[in-house]
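Chemist: So that we are looking at the same thing, I have put the structure below in structure tokens.
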């Protein structure tokens, strides 16, 4: 529902319960019921929530296959230091 290339507009701030909320103009509305929120300097960025997590075993295996393709399929071997003895006082 959010439009692209819309001129900046003012939005009203209000409190709801103990939270601050923003009443978005129609041109800036989102589909769904949630957005992600992050800060960049003084800006607060709202973005549509994308739920592209794998839901089935096949989707999970396809995701890991894409990761393997991007990383070349193999993790390089590396030397691990010996495990340290630690006294936790238990």
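Chemist: Determine whether segment 76-85 contains at least one residue that is surrounded by 10 or more Cβ atoms within 10 Å (Cβ to Cβ) and either assigned to a helix (DSSP H, G or I) or modelled with pLDDT under 90 (or both).
Modeler: No, segment 76-85 has no match at all.
Chemist: Please state which one of 68, 79, 31 is closer than 22 Å to residue 6 by Cβ, more than 16 Å from the chain's Cα centre (by Cα) and free of Cβ contacts under 8 Å to residues at least 60 places away in the same chain.
Modeler: 31
Chemist: For segment 23-44, which positions are assigned to a loop (DSSP other than H, G, I, E, B) and surrounded by 10 or more Cβ atoms within 10 Å (Cβ to Cβ)?
Modeler: Those that are assigned to a loop (DSSP other than H, G, I, E, B) and surrounded by 10 or more Cβ atoms within 10 Å (Cβ to Cβ): 24, 25, 29, 30, 32.
Chemist: When you scan segment 45-75, how many residues do you find that are closer than 30 Å to residue 31 by Cα and part of a helix (DSSP H, G or I)?
Modeler: 10
Chemist: Give segment 45-61 a look and list any residue that's out of contact with any helix residue (DSSP H, G or I) (no Cβ under 6 Å at 6 or more places or on another chain) and surrounded by 10 or more Cβ atoms within 10 Å (Cβ to Cβ), or say none.
Modeler: As a first pass, look at segment 45-61 and keep what is out of contact with any helix residue (DSSP H, G or I) (no Cβ under 6 Å at 6 or more places or on another chain): 45-53, 55-61.
Listed by number, the residues that qualify are 45, 46, 47, 48, 49, 59, 60, 61.
The values are calculated or read from the model by the stated rules, or taken from the named source; none is laboratory data. Everything quoted here is computed from the prediction, not taken from an experiment. Ideal geometry is used to build each Cβ from the backbone, glycine not excepted, and the neighbour counts take in all protein chains shown.
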